[in-house]
Amino acid sequence: MKRSLRSLGVATAITGMLALAACGTDASSTSSGATGFGDCEVTANPTVHEMKTMTEDTLTVAASLPYPAGYRGNTLESVNGGYMYCLDAEIANRAGLSKIKLVNASFEALVTAKTSNFDFAVWDIYDTPERRKAVDFSTPYNTYRTGVLVKTGSDLTKESIRTATVGVLAGSVQLTYVNETLKPKQVRVFASNDDLFNAVLAGQVDAALNDTATVMPRAASSDGKLEVVGQYPVGGDVAALFPKGSQNVTAVNQILADMEKDGTLAAIMDKWLNPILGGDPDKLADWSA
């Protein structure tokens, strides 16, 4: 996994953890729980960049759920952690807000602006020129490539995948890639990650192509049933998505810049994302078409 805004090397991770853990005074310590952000630690008394939200004192966030790696919880109401949720929490905190409200939306609906009942969406969505015609994006908070998820023991190779059945998510950059570049024997399109990954387990598709940050946690938590065998140089910057013309893009960009500078962004990913990946994405085999 490449990083656009940050590098999670040892020095950066230590800096970020110090920023979140304690900076020596009550004014710069972190708080949690009482603010309504679940198990996410948030910075106390940060510089505030105000957002104009749909609901007073509340950040309404859209995501395609369930996605336990990014939003830990079985229902919208029970989510209390995960790297995306804690990113949302810190942004809300730095916007002077005390609560988050989650709303569910399909990935395709988000990137095509078929829904707009939210302040922003965080679901590791790629910022592409085509999508910017319908929606707006913040500056990136990470950069990802595309992993190849298969059943453990599969004999699929980067050569044989062209004669295989490949599953992708509707509206994804992987859908464009398999149709225009990879051109496997058959492409199956799914509306949700759960449907996509269950199709791999059921043998309905030979492989699923999705972001490394999505397929690696799924493989790591599959009790050995799934594995990621390679990656394609397909993906790019992921960013918060906004309804077209949103007045909140500037404020979120300022918040992300502050989080990058003080190490908080790195610390959130180091605490919530890195442990669930189950390996180093940069060490995956190159399956360039």
- Task: Among the numbered conditions (1) in contact with a helix residue (DSSP H, G or I) (Cβ under 6 Å, 6 or more places away or on another chain); (2) closer than 27 Å to residue 57 by Cα, tell me where residue 168 comes up short.
- Result: (2)
- Message: Looking at residue 138 and the list (1) assigned to a strand (DSSP E or B); (2) modelled with pLDDT under 95; (3) of a type in the set (Ser, Thr, Tyr), which single condition is not satisfied?
- Response: (2)
- Across region 47-84, what is the total count of residues that are outside any loop (DSSP other than H, G, I, E, B) and small (Gly, Ala, Ser)? 3
- Query: Given (1) buried (at least 24 other Cβ atoms within 10 Å of the Cβ); (2) closer than 21 Å to residue 243 by Cα; (3) at pLDDT 95 or above; (4) not aromatic (Phe, Trp, Tyr), where does residue 79 come up short, assuming only one miss?
  - Reply: (2)
- Query: Does residue 144 qualify as being in contact with a Gly (Cβ under 6 Å, 6 or more places away or on another chain) and closer than 20 Å to residue 283 by Cβ?
  - Reply: yes
- Query: Is it true that residue 187 is assigned to a strand (DSSP E or B), touching a helix residue (DSSP H, G or I) at 6+ places or on another chain (Cβ under 6 Å) and without any contact (Cβ under 8 Å) to a residue 40 or more places away in the chain?
  - Reply: yes
- From the set of residues in region 106-127 that are of a type in the set (Gly, Ala, Ser) and over 17 Å from the mean Cα position of the chain (by Cα), which is most open to solvent (accessible area, probe 1.4 Å)? 116
- Task: For residues that are open to solvent by less than 20 Å² (accessible area, probe 1.4 Å) and of a type in the set (Val, Ile, Thr), scanning just region 145-184, find the one that is farthest from residue 196 (Cα to Cα).
- Result: 161
- Any residue at all in region 200-207 that is free of Cβ contacts under 8 Å to residues at least 60 places away in the same chain, open to solvent by less than 20 Å² (accessible area, probe 1.4 Å), part of a helix (DSSP H, G or I) and touching a Gly at 6+ places or on another chain (Cβ under 8 Å)? yes
- Only residues in region 273-289 that are farther than 10 Å from residue 228 by Cβ count as the first member; pair them with residues that are exposed (fewer than 14 other Cβ atoms within 10 Å of the Cβ), Cβ under 6 angstrom, at least 6 apart or cross-chain, and list the lot. 288/233; 289/181
- Number of the condition not met by residue 274 [criteria: (1) modelled with pLDDT of 90 or more; (2) among the polar types (S, T, N, Q); (3) out of contact with any helix residue (DSSP H, G or I) (no Cβ under 7 Å at 6 or more places or on another chain)]: (1)
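The values are calculated or read from the model by the stated rules, or taken from the named source; none is laboratory data. Because the structure is predicted, anything quoted here is derived from the model rather than measured. Cβ coordinates were reconstructed from backbone atoms using ideal geometry, including for glycine residues, and neighbour counts include every protein chain displayed. Areas reflect the complete protein model, heavy atoms only, side chains present, ligands, DNA and RNA absent. Shrake-Rupley method; radii C 1.70, N 1.55, O 1.52, S 1.80 Å.
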